[in-house]
Amino acid sequence: MEVFIGRERELALLEDAYSSGGSAVAVYGRRRIGKTFLLERFCRGRRSLFLYALRGCMRSNLEHLSVLIAEHTGSEPHRYSTYGDLMADLGSICRREGTVVVIDEFPFLVEGCDTVSSDLRDLVDSVIVHTDSMLILSGSSVRIMEGECVGPDGGLSGCLDHVIRLGPLTFDECRGFHHGMDERDQLRLYLTVGGVPGYHRVMRQPTYRECIMGNFADDCWLADEAGYILSYEPGSHRGHMDTVQALSDGTVRQRDVVRRTGMDKGGCSRNISYLVGLGVVERMDPMAGPRGNPVYRVSDNFLAFNEEVVRRRAHLLSSLNPSGGYGPLEPFIDAFLGRRFEVFCRDYMVSNYDVLGTGWRADTDDGCTGIDFTIRITSGRNTVDVPIGCWYGEGRAGLAEYDLSGSHVPGSDGGNPRMVMFSASGFEGDLVEFASETGLVLIGPEELFGHRAPPAIV
C-alpha cells in the first residue's frame with residue numbers, strides 16, 4: 001500500500017463535504033499532481049463509482065461510460081443518446097443508496113459537449129442534495145475546470161460545496177517519498193521535478209543520478225511527458241510551448257519573447273497571462289525602481305528542466321550508457337540546479353518570514369545584478385528590503401563566493417541593508433567569522449533540511 005503524503009487539508013475538505021450529506025465538489029490541478037490518488041484514498045471503504053472520461057467525442061464517451069456504469073450495477077450497458085440520459089441513471093444509483101460518484105477528467109466531457117455542465121447541475125439540484133450521495137468532478141485542465149466551476153458564466157458555478165485546486169507539495173513533504181536518499185540528492189530531485197507527487201512516487205531509485213538515468217534517458221517514461229502537460233489546456237498549444245521555450249532559453253521580457261517567437265504583441269501577452277494563470281510561468285516585478293517593468297520565468301521545475309536540459313541536450317541523453325552515469329550532462333544539470341536553487345531560497349524566505357513581497361532589483365537596465373533577488377519584510381513598524389545571495393555548488397561558500405553574490409548592492413534608502421546568504425553545502429570558517437562581525441545572515445543545510453530553526457533576520 002502506497003503511503004499517503006501531504007493533502008491532509010484537501011482530504012479534510014472532502015470529509016467535511018461528505019459528512020454534510022448531498023454534496024458536490026470539484027478537484028483540479030495539473031497532470032500528475034495527485035488528484036486520482038487523493039480521490040481513491042478518500043473513497044476507500046465507501047460505496048463509490050469512478051467514471052473515467054476519454055478525450056474524444058460525446059458518442060465515444062457515452063459508450064465508454066455506459067460500460068463503467070453497467071459494471072457497477074451488474075446490468076447490461078445502456079445506449080445513451082445524451083448526457084441527460086446518463087445523468088438519469090446516475091440519479092437512480094444515488095437514490096437507491098448513498099454513493100460517491102467521481103467523474104475523472106471531466107474537462108474531456110466539456111470539450112465534446114458544451115451542455116454537460118447543465119446536465120450535471122440538474123443532477124446535483126434534483127438528486128444529489130436530497131440524498132447521502134456525493135458528486136466529485138476532477139480534471140487536469142485548469143482553464144476548463146475554473147471556467148465551468150467558478151467562472152461567472154460557468155455551468156456549475158455556485159452549486160459546488162468546495163472547489164479545490166491541488167498545488168505542488170512542499171520540499172519537506174516530497175522528502176517523504178525518498179527515505180534513505182542523501183539530503184542533497186533529495187534537494188536536487190525537488191529542484192528538477194518540483195512538488196509534483198506523480199513523479200516522486202515513481203522515481204524510486206536511491207540516488208539522484210540514478211533517478212535521472214532511469215527516468216529521463218532516451219526512451220524512458222518521462223522523455224515525452226512535458227508535451228502532455230499543456231496539451232490538457234484549450235487554446236494554442238504551439239503558442240504556449242513556444243512561449244515556454246523562449247523563456248527557458250533566457251528570454252525574460254515580453255518584447256523579447258515577441259521577437260524570438262514571431263508572435264504579435266497581443267498574442268504574446270495573452271499567452272504569457274494564460275501561462276501565469278496556469279502556474280507554469282511567474283511574473284516578477286522590480287522591488288525598487290520603475291514599476292510596470294516585469295520579467296518572466298518558467299516556474300514549473302519539471303517543464304524548465306525539460307526545456308533547459310532534456311530538449312536542449314537531447315543528443316547527450318540519447319548517447320548515455322545507463323551503467324556509466326550522465327557525465328556529459330553533468331555541467332548542464334548543475335547549472336540548471338543552481339538557477340532553480342534561487343527560486344527554492346526565495347520560497348524558503350516566503351514560508352518562514354513575514355514577507356511583504358519579492359522581486360528583482362532594478363539596478364541595471366536588464367534587471368541583472370549580483371544579488372539573486374530581494375525580499376521586503378516587516379520589522380516592527382518598519383519595512384526593510386533584504387537582498388538575498390544564493391550559492392549552489394559542491395564546495396562550501398566562503399568569502400570569495402560572498403563577493404560574487406554582490407554584497408555591496410545599496411539598499412533602497414541608500415544604505416547597505418542586511419544581507420542573507422544561502423548555501424546548500426554550508427559555509428567556510430572565514431565567512432562564518434565575517435558574518436558574526438557584520439550581521440550577515442547565513443542559511444545553510446541545517447536550516448534548509450529542517451535540522452535547525454530559521455535564523456532571525458531583523
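The values are calculated or read from the model by the stated rules, or taken from the named source; none is laboratory data. Bear in mind that the values here come from a model prediction, so they are computed numbers and not experimental data. For neighbour counting, all protein chains shown are included, and Cβ atoms are generated from backbone atoms with ideal geometry for every residue, glycine included.
List of remarks:
- Residue tally, condition assigned to a helix (DSSP H, G or I), touching a residue at least 12 places away in the same chain (Cβ under 8 Å) and surrounded by fewer than 17 Cβ atoms within 10 Å (Cβ to Cβ), over segment 90-121: 2
- Here ILE103 does not fit the description of being more than 28 Å from GLY6 (Cα to Cα) and more than 20 Å from the chain's Cα centre (by Cα).
- Sole residue being surrounded by fewer than 19 Cβ atoms within 10 Å (Cβ to Cβ) and either within 30 Å of GLY84 (Cβ to Cβ) or among the β-branched types (Val, Ile, Thr) (or both), chosen from ASP132, ASP182, ASP224: ASP132
- If only residues of segment 380-395 that are farther than 22 Å from ALA456 by Cα and either touching a strand residue (DSSP E or B) at 6+ places or on another chain (Cβ under 7 Å) or without any contact (Cβ under 8 Å) to a residue 40 or more places away in the chain (or both) are counted, the one that is surrounded by the fewest Cβ atoms within 10 Å (Cβ to Cβ) is GLU394.
- For SER66, the criteria (1) out of contact with any Pro (no Cβ under 8 Å at 6 or more places or on another chain); (2) of a type outside the set (Lys, Arg); (3) surrounded by fewer than 21 Cβ atoms within 10 Å (Cβ to Cβ) hold in every case but one, which is (1).
- Filter pass, SER118 being farther than 30 Å from SER236 by Cβ and either at pLDDT 95 or above or small (Gly, Ala, Ser) (or both): no
- Every pair of residues 6+ apart whose Cβ atoms lie under 9 Å, when the first sits in segment 146-161 and is touching a residue at least 24 places away in the same chain (Cβ under 8 Å) and outside the structural domain of ARG121 (by TED's automatic domain parsing) while the second is among the hydrophobic types (A, V, I, L, M, F, W, C) and assigned to a helix (DSSP H, G or I): none
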